[in-house]
Amino acid sequence: MDKERVFVVVLGKDQKGIIARVATLCFDHGGNIEDVQQKVMDGTFVMTMLVDLSGEGCEPAVLRGALDELGAEMGLTVMVQNEAVIKAMHRV
Amino acid sequence: MEFGVEEVFETAGMILFENFDIRAVTLGVNLKDLMARDPERLADGARERLTELGSRLVAEAAAVTESLGLPIVNKRMSITPAAWLIEPCPQEDAPIILAQALDAAASQAGVDFIGGWGALVQKGATAADSRLMESLPQVLGNTSRLCGFLNLASTKAGMNLDAIARLGHILKDMALAADKGIACAKFVAFANAPEDNPFMAGAFHGGGEPDAAINVGISGPGVVRAVVAQHPDCDLTMLSEIIRRTVFKITRAGELVGRELARRLGVAFGVVDISLAPTTAMGDSVGEILKGMGLERVGAPGTTAALALLIDAVKKGGAMASGHVGGLSGTFIPVSEDSAMIEAVQCGALSLEKLEAMTAVCSVGLDMFAVPGDTSPAALAALIADELAIGMANDKTTGVRVIPAPGMKAGDMLDFGGLLGRAPVMPLSPFSGEKFVARGGRLPAPLRSLTN
């Protein structure tokens, strides 16, 4: 895998501050946000944030833990998916 | 490269809601170079190598899960067929010494299972093969992570009915060797056993394999079930297309995991096994896929045709997605591990005979089913011979994992708990094939032309 980029996927009930808080957390952990998309799908709020984690001092495992905590606090499901997986599954 | 939110959500949803995971990463390990006359020396060498490699496998699998965000459920190892390893050991208890070392290594490394306690006897058995066969009850009854197999038939060699007849007796002893007949759940009798199968109980590291290789078993019954449920009215051509597309995606994920894990371990990447492997988790069921295709219950008329469509679509999607597809690569229909299969047996929709017909189009054979505890050795042997004949005659893998449930009769429930699930005890035909089995000898290899 070349560049270490992940999709932070947030699912759940729409509420104030989702993008702000997830983005802040990513920034605090050294990630660089390259893209953000959001949509309501089947009645569920879905947000994806493409984050580059190859910067210095960035600890993907620590960020993942922090996102889990944030998800629990806000009542949201938060997943971190490596871009390589999405690429393998959705592009030939 | 840009990805839509739908694509990212689809993958996340598969994992979150549809039980998508990498079912097994299995590290095949060659042990032939450790062979010695002294079984203690062989056992020590095997224990050391497997503990070291197994520990690395567990650690790197965790790292890959962390990095890729894809859950890897089981970490396993497979070894050179153990009958080969004990060939030079004259000592009577050599099988037990080796088996205990293998089990200890698996336990110490933290791998879930270690496969390869087996022999290839499709044409005949060496003295070591026979010793290994006779060791099965004691070994599988007294170890927790070791799994066994025998290859008793092949399309090239025919079928060894002498060995199958003997196995009937050995299975009876195995059933009594541990609580609930669980030793039988750790053993498969094969025709055309693949050398690179990552799934238990039949995994082993074959003679044509390198020193070490990673083989990956994906899992996606829940994903396929969901996509079939989303298309309740399309015709079967379209349904096949939809299943192919889905299996393509999950196989690509499996290939990515396999290659990354092999790279980290510094070993060869072997194959992706594209089998759909159900679990006892709600919805993670091959039977539910068949019901979603329009069958009232598994076993209803149409079941074999539906399974043929499913497995064909799985193979086409998977073969397109991976450069190396191998192992069993079919649809697993274990009775005890699939809620819709259990339901079908309980309500009378699925008989053993229909299950056998289903396995003619499905790679893995009669899997994880229970028969009455008083089933005779000859009846078990005849049952195995029937199933292996399907594999032999059709140039495909078939296997039998049967549990003669101690003290139980047809209609009782053998509950293993956990991943092995629960098996309703199925009745066998009351009529005997004993005289046929008693003839012994070998079934000749089938003709591969004049195919009508």
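The values are calculated or read from the model by the stated rules, or taken from the named source; none is laboratory data. Everything numeric in this text was worked out from a predicted model, so none of it was measured. Glycine also receives a Cβ, built like all others from the backbone with ideal geometry; neighbour counts cover every protein chain displayed. These accessible areas exclude ligands, DNA and RNA; they are computed on the full protein's heavy atoms, side chains included. Shrake-Rupley method; radii C 1.70, N 1.55, O 1.52, S 1.80 Å.
Are any of the residues in region B:46-68 within 14 Å of chain A (Cβ to nearest Cβ), touching a helix residue (DSSP H, G or I) at 6+ places or on another chain (Cβ under 6 Å) and either in contact (Cβ under 8 Å) with a residue 24 or more places away in the chain or not in a helix (DSSP H, G or I) (or both)?
The answer is yes, given that some residue of region B:46-68 is within 14 Å of chain A (Cβ to nearest Cβ), touching a helix residue (DSSP H, G or I) at 6+ places or on another chain (Cβ under 6 Å) and either in contact (Cβ under 8 Å) with a residue 24 or more places away in the chain or not in a helix (DSSP H, G or I) (or both).
Filter the strands (runs of 3 or more DSSP E) completely within region A:1-89 down to those with at least 1 residues that are among the hydroxyl-bearing types (Ser, Thr, Tyr), touching a helix residue (DSSP H, G or I) at 6+ places or on another chain (Cβ under 8 Å) and under 20 Å from residue B:21 (Cα atoms).
A:77-82
If you scan region B:11-45, which residues turn out to be open to solvent by 40 Å² or more (accessible area, probe 1.4 Å) and in contact (Cβ under 8 Å) with a residue 12 or more places away in the chain?
Selection gives B:17, B:19, B:32, B:35, B:37, B:38, B:40, B:44.
Just wondering, is there one or more residues in region A:6-20 that are facing chain B (nearest Cβ under 10 Å) and of a type in the set (S, T, N, Q)?
No.
Looking at this structure, is residue B:27 among the hydrophobic types (A, V, I, L, M, F, W, C) and either in contact with a Cys (Cβ under 7 Å, 6 or more places away or on another chain) or within 18 Å of residue B:267 (Cβ to Cβ) (or both)?
yes
Among the listed residues B:39, B:88, which satisfies the condition of being in contact with a helix residue (DSSP H, G or I) (Cβ under 8 Å, 6 or more places away or on another chain) and away from chain A (no Cβ under 14 Å)? Even if it seems obvious, please write down each step before you answer.
Working: B:88 fails: in contact with a helix residue (DSSP H, G or I) (Cβ under 8 Å, 6 or more places away or on another chain).
Only one candidate qualifies: B:39.
Working only within region A:77-92, note down all residues that are more than 7 Å from chain B (Cβ to nearest Cβ) and within 16 Å of the chain's Cα centre (by Cα).
Hits for region A:77-92 are A:78, A:83.
Can you tell me which residues in region B:297-336 are of a type in the set (Gly, Ala, Ser) and under 25 Å from residue B:205 (Cα atoms)?
Listed by number, the residues that qualify are B:318, B:319, B:321, B:322, B:323, B:326, B:327, B:329, B:330.
Can you tell me how many residues within region B:274-305 are open to solvent by less than 20 Å² (accessible area, probe 1.4 Å) and outside any loop (DSSP other than H, G, I, E, B)?
6
Return the pair list, or none, for Cβ contacts closer than 9 Å from residues in region B:286-301 that are more than 15 Å from residue B:242 (Cα to Cα) to residues that are of a type in the set (S, T, N, Q), at least 6 apart or on different chains.
These pairs meet every condition: B:286/B:331; B:287/B:339; B:288/B:339; B:291/B:285; B:295/B:303; B:297/B:303; B:299/B:351.
Only helices (runs of 4 or more DSSP H) wholly contained in region B:334-394 count here; list those with 2 or more residues that are over 15 Å from residue B:424 (Cα atoms) and open to solvent by 10 Å² or more (accessible area, probe 1.4 Å).
Per the criteria, B:352-359, B:377-394.
On the given criteria, is residue B:185 touching a residue at least 60 places away in the same chain (Cβ under 8 Å), among the aliphatic types (A, V, I, L, M), open to solvent by 10 Å² or more (accessible area, probe 1.4 Å) and within 26 Å of residue B:278 (Cα to Cα)?
Taking the combined requirement at face value, the residue does not satisfy it.
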